[in-house]
């Protein structure tokens, strides 16, 4: 294992064991306050463990036994880069200088560092913005630059703390795609409360709740057969696989799913269309109006899901109010029409 | 999507006001005492201007004693501002970022010269560095005599000016927070590199205003200087001391020199505040 962490922090109620293999991405999935940021803080060197050991490439980054320190490497010598919700670009430096910061700080010459920054700018498609100040960037651009800045420092481990949380929903699909591409070879820990991030970016998932890892395993396995309450509550996303056509995602069943935004992929690329059950509307008659994705389906089961009722069908799951269930007379076996706005469907290459 | 990151926009636009905004929490009656207060500050300066003997002004401010005092004042105030920077920046860093027992107490103690009558500061310095002082006696043995020398002037000025720099820089460091420092460290920057390339550039406006305040305070120092350093022409008699002395014998010269001090203060504040504002958006 490239990175291992076994630590307790009693003051924050944390007791976790994690590891990440070379080049893999581990998602820490959990609700706010579950201890994800504390775990990242331990890896980054902003928090000390009370007990435990943290290693990277076999080197002890931190160690403690019952509060007594046995090993400690300060943040700047760890080769662990941290990217938070906010891009935190240095406001007094240009975009290029921001990306060149890591190489410069590690002793690379000014010219070589600038050249490296320019290669990263090309990689994230923001070459035009090299001389701008961070204040002149949009939120999505700033977060891309922040990612490039983290990676330009050539970290052995990259920590992403809710990298999408502060962004508009309009820009997250594009940023996820960028991350998907950039994290392919990078050993990464991604803290998120969004199951989509885990699904699309992570090889493995560790579900964190109440300061403990309650479940872990390959992403698809954890999300398709959730054993913990939290994993179950967040899983259940609607996934539709198909291939990319000029119309949208064509499924094997011959339907075309219209998504939101146009991913920059070749025709015929395998794709997944994703939508949340809450975005699925249930009708008894074929719906009219704005362009929608509609599916004919048969209700399989009804189950309470928070304040709503989760309606499972042979196609998609839908979350509707108890009032709608009564009004539509939903019951297992009932034939319905499911409708999803294109704006509620995210499409991703897989 | 195209909205710039709001916190950074707030920082750069801090001084600009949108004319469309309606101020809340500003009662109309507040204008009256505010105007009276403004007049209270400005009127004495104007009054002093009307008392200046303009026909002899040049002669008054270029007399030998006046020139000696001005040169000494600028030299000592510059020296003590530098001393304040050398000691004050690390002090502000330790107070804002460090974690150690007694931190609260130390922060309060640093502020003491701010509230202490300067004469008392002078007495305190005398009991430290004077001939019979705590350190003065052993320094005497080494042939070092500080009291009543130009060094004493610099020490007196630094003593009273240091809190101004420390307080404004520490405030800026606390407001800025440590988050940028953590990001920089995680990119591989050593603490010294973080300080040089991130922390100090981000508190630049606070550092500039603290430096200006310290310089202005040093330039105007009177009580501690006359107590600890005395009033020897060309050695310890700075401009404020010269003004006080001339007030007895030659009131016209005192007014002329006072105006000179006002002018120096205005020039320093105007020059550095513009540079400070530029630093914020640099």
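The values are calculated or read from the model by the stated rules, or taken from the named source; none is laboratory data. All values reported here derive from a predicted model rather than from experimental measurement. Because the Cβ atoms are built from the backbone with ideal geometry, glycine has one as well, and the counts that use them run over all protein chains shown.
Grab the strands (runs of 3 or more DSSP E) fully contained in the range A:58-126, keeping just those with 1 or more residues being within 25 Å of residue A:175 (Cα to Cα) and within 14 Å of chain B (Cβ to nearest Cβ).
Where strands (runs of 3 or more DSSP E) fall fully within the range A:58-126 and carry at least 1 residues being within 25 Å of residue A:175 (Cα to Cα) and within 14 Å of chain B (Cβ to nearest Cβ), they are A:80-83.
Given B:167, B:198, which one is over 11 Å from the mean Cα position of the chain (by Cα) and part of a helix (DSSP H, G or I)?
Only one candidate passes the filter, namely B:198.
Spot the failing condition for residue A:282; the list is (1) surrounded by fewer than 20 Cβ atoms within 10 Å (Cβ to Cβ); (2) within 23 Å of residue A:335 (Cα to Cα); (3) modelled with pLDDT of 80 or more, and only one is missed.
(1)
Out of all the residues in the range A:40-58, is one or more under 24 Å from residue A:223 (Cα atoms) and touching a residue at least 60 places away in the same chain (Cβ under 8 Å)?
yes
Within the range B:17-36, is even one residue in a helix (DSSP H, G or I) and at pLDDT below 60?
The answer is no; no qualifying residue exists.
Go through (1) touching a helix residue (DSSP H, G or I) at 6+ places or on another chain (Cβ under 6 Å); (2) surrounded by fewer than 23 Cβ atoms within 10 Å (Cβ to Cβ); (3) more than 10 Å from chain A (Cβ to nearest Cβ) and name the single condition residue B:195 misses.
(1)
Hey, among B:157, B:233, B:246, which residue is away from chain A (no Cβ under 14 Å), more than 23 Å from the chain's Cα centre (by Cα), over 26 Å from residue A:43 (Cα atoms) and assigned to a helix (DSSP H, G or I)?
The match here is B:246.
Could you tell me which of the residues A:104, A:119 is modelled with pLDDT of 95 or more and farther than 17 Å from residue B:188 by Cβ?
That would be A:119, the only listed residue that is modelled with pLDDT of 95 or more and farther than 17 Å from residue B:188 by Cβ.
Check A:296, A:276 and return the single one that is modelled with pLDDT of 80 or more and out of contact with any helix residue (DSSP H, G or I) (no Cβ under 8 Å at 6 or more places or on another chain).
A:296
Yes or no, residue by residue, for (1) crowded, with 19+ Cβ neighbours inside 10 Å; (2) in the same structural domain as residue A:124 (by the TED database); (3) under 20 Å from residue A:198 (Cβ atoms):
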position: A:257; (1), (2), (3): yes, no, no
position: A:269; (1), (2), (3): no, no, no
position: A:305; (1), (2), (3): no, no, yes
position: A:314; (1), (2), (3): no, no, no
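Just to be sure before I move on: is residue B:213 within 14 Å of chain A (Cβ to nearest Cβ), in contact (Cβ under 8 Å) with a residue 40 or more places away in the chain and assigned to a helix (DSSP H, G or I) in the structure I sent?
For residue B:213, the condition - within 14 Å of chain A (Cβ to nearest Cβ), in contact (Cβ under 8 Å) with a residue 40 or more places away in the chain and assigned to a helix (DSSP H, G or I) - is not met.
Residue A:11 versus (1) assigned to a helix (DSSP H, G or I); (2) within 11 Å of another protein chain (Cβ to nearest Cβ); (3) out of contact with any strand residue (DSSP E or B) (no Cβ under 7 Å at 6 or more places or on another chain): which is the lone unmet condition?
All conditions pass for residue A:11, except number (2).
Within the range B:160-181, how many residues turn out to be in contact with a helix residue (DSSP H, G or I) (Cβ under 7 Å, 6 or more places away or on another chain) and at the interface with chain A (Cβ under 7 Å from one of its Cβ atoms)?
1
When residue A:132 is evaluated against the numbered criteria (1) more than 18 Å from residue A:106 (Cα to Cα); (2) more than 9 Å from chain B (Cβ to nearest Cβ); (3) assigned to a helix (DSSP H, G or I), which criterion, by number, is the only one it fails?
(3)
Test each condition in (1) closer than 15 Å to residue B:210 by Cα; (2) outside any helix (DSSP H, G or I) for residue B:101 and report the one that comes out false.
Condition (1) is where residue B:101 drops out.
I'd like the residue in the range A:25-57 that is part of a strand (DSSP E or B) and under 23 Å from residue A:179 (Cβ atoms) and, out of all such residues, is farthest from the chain's Cα centre (by Cα).
Top of the filtered list is A:56.
Quick one: residue A:156 ticks every box in (1) in contact with a helix residue (DSSP H, G or I) (Cβ under 7 Å, 6 or more places away or on another chain); (2) touching a residue at least 24 places away in the same chain (Cβ under 8 Å); (3) more than 8 Å from every other protein chain (Cβ to nearest Cβ) bar one, so which box is it?
(1)
What residue, of A:216, A:144, A:176, is at pLDDT 85 or above and within 14 Å of chain B (Cβ to nearest Cβ)?
Checking each option against the conditions leaves just A:144.
On the given criteria, is residue B:79 surrounded by fewer than 19 Cβ atoms within 10 Å (Cβ to Cβ) and at pLDDT 95 or above?
Against the criterion (surrounded by fewer than 19 Cβ atoms within 10 Å (Cβ to Cβ) and at pLDDT 95 or above), residue B:79 qualifies.
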